[in-house]
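First up is the structure itself, then whatever we jot down about it.
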Amino acid sequence: MPGNGRGGSGGNEGGDERGEGGKDVVRRDRFSGGPARGFLSSLAADERIFGADVAVDRAHVVMLDEQGILADGDASAILGALEAIETAGHGALPAGEDVHAAIETAVIERVGDRGGRMHTARSRNDEVATCLRYRLRTDVLEAAEAAIEARRALLEAAAEHAETVMPGFTHLQPAQPTTVGHYLCSYASALARDTERLLDAYGRINRSPLGAAAFAGTPFEIDRERTAALLGFDGVIENAMDAASARDFLLEATAALAALSTTLSGLAEDVVVFSNAGYVEVDDAYASTSSIMPQKKNPDTMELVRATAGDAAAGVNALLSVLKGLPRAYNRDLQRAHPHAFGTVDAVTEATTVAAGAVATAEWRTQRLEAAASEGFTTATGVADLLAMAGVPFRTAHELVALAAERATGPVEAADLDAAAREVLGSGLEAHLDPEAVADALDPVESVRSRDSLGGPAPGALADTLSALDAGVEADAEAVRDRRDALEDAAAALEREVSRRV
Ligand code: ARG
């Protein structure tokens with residue numbers, strides 16, 4: 001393939017270097033110096049993986065040293081340079097096609113050509129794939145932590161409002177009474193799956209491609225498991241061509257984030273609608289006002305949370321489009337894939353944190369909700385259920401209650417049901433039902449109490465749901481902590497190996 005010959009070496013300045021043994025060598029810069037230089041470069045966007053690249057370089061150098069691949073003193077020189085480069089930061093890097101090339105150039109600038117040994121037995125292809133996984137895994141943990149915070153906020157409000165009745169809606173129309181607690185648990189439950197998806201994705205992100213080199217492995221006797229362990233990966237992606245090429249981990253993480261964001265967009269939409277109806281009021285800190293209409297308090301943060309799901313969907317689409325049809329092995333298209341994943345994780349994590357704060361501080365208007373709970377004959381299903389329990393086929397009961405609703409001029413009362421019963425069943429309501437039971441069925445509070453099937457809104461059922469969801473949150477929080485601890489342990493082990501050499 002013409003024009004593809006330049007491997008992973010850095011050196012985008014094209015300057016001369018002092019070779020080992022005092023011989024001047026020209027660091028060739030045959031390509032990427034022309035008008036397309038900026039277009040080719042991912043250096044600015046690579047700031048995101050600067051720290052990752054330093055870590056990956058360190059682990060690789062430690063492993064090369066352990067395997068006897070480096071000459072005496074090389075590891076300590078290179079690791080010393082990396083320390084200084086890390087301290088100086090991404091902004092101090094020399095020009096380069098990307099962060100990998102720029103760091104290598106900076107190492108060579110500091111220690112001379114021996115610095116070029118850092119890139120032994122690897123390629124930027126396995127290097128970038130490793131950096132992306134290294135960085136994205138902590139970003140995904142942060143997103144999971146935000147989701148866990150949102151779940152905690154929802155569950156706390158749900159416990160507080162376990163018995164606050166409210167109208168539940170289908171098609172945006174009042175449908176059946178439920179409780180604020182039951183409603184909020186519905187989102188805590190969905191967010192539990194969203195968290196689970198993120199943690200699942202984490203398991204597949206956290207595998208090391210390092211050592212795959214360009215895609216075909218290397219003749220050097222490297223230890224891929226060792227670099228994987230030093231970098232906190234749970235294992236390696238074995239097939240070198242797959243390891244260098246695969247970006248499904250970006251897609252999977254972004255898709256999981258999009259699912260989370262889509263869940264939150266529903267919650268946000270509800271809060272916007274409920275604010276409008278006076279059912280809930282977001283705290284001032286989560287609202288905004290109008291520059292012209294002085295009376296306005298708008299739930300803008302929730303609208304932005306709602307919109308973030310659009311950004312996340314765009315991220316998924318962008319990744320699918322960039323990745324679709326890419327041939328094996330590495331293609332530069334991949335450079336344009338990762339910003340979509342990082343952009344999505346940032347947007348969704350922030351939106352999740354904001355949503356958690358809005359939920360934690362929102363005021364539920366108990367009286368307004370209770371009054372609204374019976375508006376629109378939301379207890380109709382309960383009456384039909386009661387008739388069905390008394391032996392009337394449910395479809396007939398449904399018809400009877402529908403008739404009463406159709407005929408009633410105001411809120412449906414026992415008398416309306418009685419007239420409908422005479423018409424549909426040929427006998428009055430009292431022939432089938434105890435009047436007290438009818439009164440209860442028409443009362444939203446009693447209606448909620450009666451629905452104590454598994455997962456229902458009755459206090460007992462809701463208490464079970466709440467404790468299961470609480471336990472789930474704690475289990476997930478621990479799962480995240482375990483992963484963070486494992487990463488910290490690996491970082492400390494790498495740090496020890498580095499400090500033994502510098
Ligand atoms: N900046 C590149 C990327 O993000 C790094 C890999 C470059 N590899 C190559 N063969 N050109 O994908």
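The values are calculated or read from the model by the stated rules, or taken from the named source; none is laboratory data. In this text, all values refer to a predicted model and were calculated from it rather than measured experimentally. Here Cβ is always computed from backbone atoms with ideal geometry, including for glycine, and neighbour counts include all displayed protein chains. The accessibility values were calculated without ligands, DNA or RNA, using every heavy atom of the protein model including side chains. Shrake-Rupley method; radii C 1.70, N 1.55, O 1.52, S 1.80 Å.
Rounded, prolate or oblate: which one fits segment 387-502, using the alpha carbon gyration tensor with axes a ≥ b ≥ c (rounded when a/c is under 1.5, else prolate when a/b beats b/c, else oblate)? Intermediate values should be presented prior to the final figure.
Details: a/c = 5.52, a/b = 4.98, b/c = 1.11.
It is prolate, given that a/c is not under 1.5 and a/b is the larger ratio.
Going 7 Å from the Cα of Glu269 toward and past its Cβ, which residues in segment 278-321 have a backbone nitrogen under 13 Å from where you end up? Once the point is set 7 Å along Cα→Cβ of Glu269, 303, 306-310 turn out to lie under 13 Å by backbone N, inside segment 278-321. Sequence-ordered 3J(HN,Hα) estimates for segment 476-486 from the Karplus curve with 6.51, -1.76 and 1.60 and θ = phi - 60° stand at 5, 4, 5, 4, 5, 4, 4, 5, 4, 4, 4 Hz, glycine and proline given as x. Between helix 180-205 and the chain, what is the angle of the helix's C-alpha long axis to the longest principal axis, kept within 0 to 90° and rounded to the nearest 10? In the chain, helix 180-205 runs at an angle near 20 degrees to the longest axis. Spatial offset of segment 422-437 relative to segment 232-274 amounts to 55 Å, using the alpha carbon center of each. The Arg204 and Glu350 beta-carbon pair, evaluated with R₀ = 25 Å, returns a calculated FRET efficiency of approximately 0.55. Across the chain, the relative contact order, built from alpha-carbon pairs under 8 Å that are at least six residues apart, equals 17 percent. The packing ranking of peptides 352-364, 128-140, 76-88, highest mean first, is 128-140, 352-364, 76-88, where packing means the average number of other beta carbon atoms within 10 angstrom of each residue. Once the C-beta distance of Glu109 and Glu66 is scaled by a Förster radius of 35 Å, the resulting FRET efficiency is 0.85 to the nearest 0.05. Between Val280 and Ser275, Arg365, the built amide H atoms are under 5 Å apart, and every one of these is 5 or more places off in sequence or on another chain. Spin-label pair Ala84-Asp283: with each label point 7 Å from Cα along the Cα-Cβ axis, the two points sit 4.9 nm from one another. Phi angles of segment 48-55 translate, via the Karplus equation with coefficients 6.51, -1.76, 1.60 and θ = phi - 60°, into HN-Hα couplings of 4, 10, 4, x, 4, 5, 4, 5 Hz per residue; Gly and Pro are given as x. Peptides 484-495, 53-64 ranked from most to least packed by the mean count of surrounding Cβ atoms within 10 Å: 53-64, 484-495. Calculated mean residue ellipticity, 222 nm, the chain: -20000 deg cm²/dmol, from DSSP H runs (n ≥ 4) at -39500 (n - 2.57) each, averaged per residue and rounded to 500. Overall, the accessible surface of segment 91-242 at a probe of 1.4 angstrom is composed of carbon and sulfur to the extent of 46 percent.
Mind pulling the angle between the C-alpha long axis of helix 394-407 and the longest principal axis of the chain? Nearest 10 degrees, somewhere in 0 to 90. For 394-407 against the chain, the angle is about 70 degrees. In the chain, the longest principal axis of the Cα atoms and the axis of helix 414-425 are about 80 degrees apart. With the charge dipole of segment 363-489 set up from +1 on Lys and Arg Cβ and -1 on Asp and Glu Cβ about the Cα centre, the Cα lying farthest toward the positive end among the listed residues Gly426, Gly382, Thr465 is that of Gly426.
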